């Protein structure tokens, strides 16, 4: 049985407490409903830079610095992350340190400090991170999202170097106040914890106030594009993506099962056809990714340059084939059971907090057993319907090693 | 013909087809792609190219399921077709426009006029036709409802 305590404070802050039997630690994560989705094009990268400035413990000074030093001595750990839809501050600690961790988290969120020194320090680090990721093909898969969506979802998390170089102290301070508000905050506390933690939350966050949010809801814009990153290398990597269901969409479990059947693992249709039967590619995989407001199905193929046209044609034929003769009950059974098991397995590991938070940001409560049940209810007919998401006509393409014109030629010839 | 400011763009066939598909009215990239039976990504590429040259502009968005898609239209004004490869298509589009006008009961005085003139007079006649077009355009209100399209072009018979 999964038993959570959830609620909202009067100021809009949401909390979810998930006790886990047998746990030794407590994981407290503050998820801010703030990320790339809240950026304008001319300030792309501000959320990620802000996360560095606010949550890198090396930047903490004064009382916040002392608080962290005391926690670190007790073995507490801190991590942070910025995504398209949220920013996360995560802390792990021994149960006895929870009151201190709660006080520390409250102070960081309620008094976000952006100093000139921290900004310049983190700017250099982030610029180096941008260059590192831009120059290594293994990081370029993120272009798949840039190829499928218009801004803001089609913008990178790190932002372009010229914009990150220009973000100033005033902008950063204002952004910190906009991002850290009770209405945007969801606290997820999992591990050796119980419902009495609510009192601790109230104690530290109840009198936190901020002007109400007036953000305009803007649906995600789809603009499939071709992005080429030419090179002289003999190797080429193709990333293809099609719009898919969002996290809360009833089609999502079936789309995940279909994505795995089509491209997940060594027995998938993509791997079998492209590598095992035709020896056209070394790596061939696919799957799906789902956010709160959108989702997509993707395929990735790593291959020799001269095999690109044939491999692409084969892949398009395979897509047509899977739509004409989709996976049957038996094939579906095994994969959906795999997803059900994965959902249950997650409930026993640190990934649970992320799942809980992702859904809790949508004001939905995630139960691993219910998720497993949803996967088990996916039928072969559902998978067949989900196969329609893989529509080559609406496909975005990224070619690492190819230029835009070569991608257009591939697509025009085959589609 | 509605639309504007050609500025040195090379109107190869796929660009021209994307452009002329908007003569039927504003559309999303997906709508254009469906009309033409082409991939959306290449249509988006064409639309971006046309937009950069002022030949297409955005006119809001359409809701498609949980997502939105940008809607494109031709800008106000007139198009100068300078690439002779586009001539056949322009001719075809004009014929189609006239057929539609006739079908919809628009002024029956509209029709296709073809006049053969000596080569040495062609440039002068074309200038006068262009002047006529500018006079017609001057009569139109900005955003006015254009009902009949006129196609002015000169070509050499084989």
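The values are calculated or read from the model by the stated rules, or taken from the named source; none is laboratory data. Note that this is a predicted model, so its numbers are computed, not measured. Quick reminder, even Gly has a Cβ in these numbers, built from the backbone with ideal geometry, and neighbours come from all protein chains shown.
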| remark: Expected single match for modelled with pLDDT of 90 or more, more than 10 Å from the chain's Cα centre (by Cα) and either under 29 Å from residue A:227 (Cβ atoms) or surrounded by 20 or more Cβ atoms within 10 Å (Cβ to Cβ) (or both) among B:62, B:83 is B:62
| query | Residues of the range B:18-47 being in a helix (DSSP H, G or I), more than 9 Å from chain A (Cβ to nearest Cβ), surrounded by fewer than 18 Cβ atoms within 10 Å (Cβ to Cβ) and at pLDDT 85 or above, which ones? | reply | B:35, B:36
| Within the bounds of the range A:208-218, is there any residue that is modelled with pLDDT of 95 or more and either assigned to a loop (DSSP other than H, G, I, E, B) or assigned by TED's automatic domain parsing to the domain that holds residue A:153 (or both)? | yes
| If you go through the range A:264-296 one residue at a time, how many are away from chain B (no Cβ under 14 Å) and surrounded by 24 or more Cβ atoms within 10 Å (Cβ to Cβ)? | 6
| request: Answer yes or no: is there a residue in the range A:175-193 that is buried (at least 18 other Cβ atoms within 10 Å of the Cβ), farther than 30 Å from residue A:22 by Cα, within 14 Å of chain B (Cβ to nearest Cβ) and in contact with a strand residue (DSSP E or B) (Cβ under 9 Å, 6 or more places away or on another chain). | output: no
| task | Could you run through the range A:182-205 and say how many residues are part of a loop (DSSP other than H, G, I, E, B) and free of Cβ contacts under 8 Å to residues at least 12 places away in the same chain? | result | 1
| Checking residue A:216 against (1) surrounded by 13 or more Cβ atoms within 10 Å (Cβ to Cβ); (2) within 14 Å of another protein chain (Cβ to nearest Cβ), which single condition isn't satisfied? | (1)
| query | Taking residue A:396 and the conditions (1) out of contact with any helix residue (DSSP H, G or I) (no Cβ under 6 Å at 6 or more places or on another chain); (2) within 14 Å of another protein chain (Cβ to nearest Cβ); (3) buried (at least 20 other Cβ atoms within 10 Å of the Cβ), which numbered condition does it fall short on, given that it satisfies the others? | reply | (1)
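Results for (1) assigned to a loop (DSSP other than H, G, I, E, B); (2) over 30 Å from residue A:187 (Cα atoms); (3) assigned by TED's automatic domain parsing to the domain that holds residue A:253, shown as yes or no for each residue.
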site: A:356; (1), (2), (3): no, no, yes
site: A:362; (1), (2), (3): yes, no, yes
site: A:365; (1), (2), (3): yes, no, yes
site: A:371; (1), (2), (3): no, no, yes
site: A:374; (1), (2), (3): no, no, yes
site: A:384; (1), (2), (3): no, yes, yes
site: A:390; (1), (2), (3): yes, yes, yes
| query | Assuming residue A:401 fulfils every condition listed in (1) surrounded by fewer than 17 Cβ atoms within 10 Å (Cβ to Cβ); (2) touching a residue at least 12 places away in the same chain (Cβ under 8 Å); (3) away from every other protein chain (no Cβ under 14 Å) apart from one, which condition is it? | reply | (1)
